[in-house]
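Trainee: Can you keep this structure in mind? I'll have questions shortly.
The values are calculated or read from the model by the stated rules, or taken from the named source; none is laboratory data. Because the structure is a prediction, the values reported are computed rather than measured. Methodologically, a virtual Cβ is constructed for each residue, glycine included, from the backbone with ideal geometry; neighbour enumeration extends over all protein chains shown. To get the accessible areas, we keep the full protein, side chains included, count just its heavy atoms, and leave off ligands, DNA and RNA. Shrake-Rupley method; radii C 1.70, N 1.55, O 1.52, S 1.80 Å.
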Amino acid sequence: MDSTHARVPPGASAALVEALATGGAITGLRVRRFVPLARGPLGERLITVDQTNTSVVVGERVVVKWMRPAEAPDRAPDLLAHLAAGNFTRTPTPYAAVYRDEPDGGLAAVVTGFLPDAADGWDWCVDALLHQLDGGPPADLAGDLGALAAELHCALATPSETIPAPVAVSHRDWAADGLAVLDQARRLVAAADDEDARWFTARMPRLAADIWRSREVDRAYVIQPHGDLHVGQVLRWRGGLAVTDFDGNPTLAAPAGGTLTEPAARDVAQLRTSLLHVGQIANRRTEGRHRPAVADWCRRGVDDLLAAYLRTLHERGMAHLFDERLLRPFEVEQECRELCYAARFLPRWRYAPMGVLRSWYD
């Protein structure tokens, strides 16, 4: 097991699942149940690609995600309970959150349903676009992503016992936050002292002007968002599409001691820019041989995603959740967040947000 994983003894995940199914006690842990879990097979299989926490499939039907103490989020259980209470079914079935039974005990594990044949969007979206470029069927997937995002936001905005007042009005200065992220990106990109750094620095005034446009919005409806809604969080499995991972974005922190609330446009901006990143990945995989076709797919994709999102909100009487004036400022800010992430953790990723920004500002 990788040294960064939480240390989980063999059999611990199966024992936890059996205890949840039978109502038995779990020494050293306390349980918050969401949806009843039936008894079933208990064979264990480690998901080896998860490098931060440890995910174990039990009986090919349940996933136990063991959290490292330092990494354990505190928002996911409330959101899962809220969605379960509202009968939102387009996420892996949330069975339970398990906490360490000690003073200030943090989240130890999250137990959810296993989705057979699931692939995340960095695989299935990219593969669909590559197949289209190779003469296959059109990769018309953006509308489904937009509808899923809207369904999620409608569920998040519907009251439950867990979150009885899920929608509020905020007067935050969105531009101040965005300009701070832009300045952080400028410093991190400039450190590379290369052509990208010079390009980015030269376009700072235009980037800042687009972020500044969020000052047009003096009040906005806010919800507890997904918080890290990109195509990689959308699984395609035998039953369709499902959204996962409500841990949030480490670069989008809640106020000290507070709850993360954001306009719905924040999630939409990230989802749309991630679709543009799919295009950048496809360009890299094909060595740029299909740039015009990829650019066309990206333009149509973000439009189709937004149209389906707005249509679904309107059909459900939730159109007020979305203020389109925030969309481009948040998209520019998101690409700056991507540049910061690349500079700190994954330098090879810089090409994707930089490619998107060049497509907007060249």
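Trainee: Return the sequence-ordered ³J(HN,Hα) values of the stretch 25-31 in whole Hz as given by the Karplus equation 6.51 cos²θ - 1.76 cosθ + 1.60 applied to θ = phi - 60°, using x for Gly and Pro.
Mentor: Karplus-based 3J(HN,Hα) across the stretch 25-31 equals 6, 10, 4, x, 10, 10, 10 Hz.
Trainee: Going by average Cβ neighbours within 10 Å, how do the peptides 344-350, 301-307, 28-34 rank, with the highest at the top? Present the calculation step by step, with values, prior to reporting the outcome.
Mentor: Details: 344-350: 11.9, 301-307: 19.3, 28-34: 16.0.
The packing order, highest mean first, is 301-307, 28-34, 344-350.
Trainee: Give me the log10 of I(q) over I(0) for the stretch 14-58 at q = 0.27, 0.33 Å⁻¹, as the Debye formula computes it from C-alpha points; what are the numbers?
Mentor: Reported log10 I(q)/I(0), two decimals: -1.05, -1.14.
Trainee: Roughly what percent of Cα-Cα pairs across the stretch 109-192 reach past 17 Å?
Mentor: Tail of the P(r) past 17 Å holds 75 percent of the pairs.
Trainee: Largest first, what is the accessible-area ranking of 276, 313 with a 1.4 Å probe?
Mentor: So, going from the largest accessible area down, we get 276, 313.
Trainee: Whenever you get a sec, compute what percent of the accessible area on the chain sits on carbon and sulfur atoms (1.4 Å probe).
Mentor: Using a 1.4 Å probe with all protein chains present, the chain comes out at 51 percent carbon and sulfur.
Trainee: Rg/Rh for the chain to two decimals, with Rh computed the Kirkwood way over all alpha-carbon pairs.
Mentor: Result for the chain is an Rg/Rh of 0.97.
Trainee: Any idea what the alpha-carbon Rg over 2.2 N^0.38 Å comes to for the stretch 39-151?
Mentor: Relative to the rule-of-thumb radius for its length, the stretch 39-151 sits at 1.30.
Trainee: For the chain, set up a GNM with springs between Cα atoms under 10 Å and report which of 180, 295, 202 has the largest fluctuation.
Mentor: Between 180, 295, 202, it is 202 that shows the largest mean-square fluctuation.
Trainee: Compute the accessible area per residue over the stretch 204-362, keeping the other protein chains in place, probe 1.4 Å, unit Å².
Mentor: Per-residue accessible area for the stretch 204-362 comes out at 44 Å².
Trainee: Give me the Debye-computed log₁₀ of I(q)/I(0) at q = 0.19, 0.25, 0.31, 0.33 Å⁻¹ for the stretch 295-337, equal point scatterers on Cα only, no solvent, two decimals.
Mentor: -0.71, -0.96, -1.03, -1.04
Trainee: Ranked from highest to lowest mean number of other Cβ atoms within 10 Å per residue, what is the order of the peptides 265-271, 277-283?
Mentor: Working: 265-271: 26.3, 277-283: 24.0.
Result, highest mean first: 265-271, 277-283.
Trainee: Under a 1.4 Å probe, what is the accessible area of the stretch 1-147 per residue, stated in Å²?
Mentor: For the stretch 1-147, the solvent-accessible area averages 48 Å² per residue.
Trainee: Just need the relative contact order of the stretch 220-362 here, percent rounded to a whole number, with Cα pairs under 8 Å and 6+ apart.
Mentor: RCO, the stretch 220-362: 27 percent.
Trainee: Hey, another quick one. Could you calculate the contour length gain from residue 89 to residue 295, that is, 0.36 nm times the residue separation minus the distance between their Cα atoms, to one decimal place in nm? Don't skip to the answer; put the middle values down first.
Mentor: On the way: separation 206, 0.36 × 206 = 74.16 nm, distance 3.37 nm.
So the chain would gain 70.8 nm between residue 89 and residue 295.
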